[in-house]
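One structure is given below, encoded as structure tokens.
What follows is calculated from the coordinates using simple rules that are stated; it is not laboratory data. Keep in mind that what you see is a predicted model, and the values were worked out from it rather than measured. Here Cβ is always computed from backbone atoms with ideal geometry, including for glycine, and neighbour counts include all displayed protein chains.
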Amino acid sequence: MVVEVEPGGLAAGRGIDPGDLILDVAEEAIAAPEDVYRLVNTAKKAGKHSVLMRIKSADTANFIALPLADFTASRGGANDPGVRASIRRR
């Protein structure tokens, strides 16, 4: 689940809102928040320039391509098993 979106940032501009669900990253289903971290970093290591995500917002699911150069995902701390992701502004 998306927990925070930077106002005026790239994610907000692409229609991503807090509460949206990330269903797929690079055509692989997301079962846990750590899957987002793993798949984004796998795409970066493979030299990809962007990653395609399927995101559910309200009653619809949309595909959104996000540039990897602007996307950072990191693991939460010991008390936070989630993933923190940020997308820099352009």
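For segment 10-54, how many residues are more than 12 Å from residue 66 (Cα to Cα) and outside any helix (DSSP H, G or I)? Looking only at that region, the number is 16. Just to check your reading of the model, which residue among 27, 34, 6 is charged (D, E, K, R) and surrounded by 15 or more Cβ atoms within 10 Å (Cβ to Cβ)? Being charged (D, E, K, R) and surrounded by 15 or more Cβ atoms within 10 Å (Cβ to Cβ) holds for just one of 27, 34, 6, which is 34.
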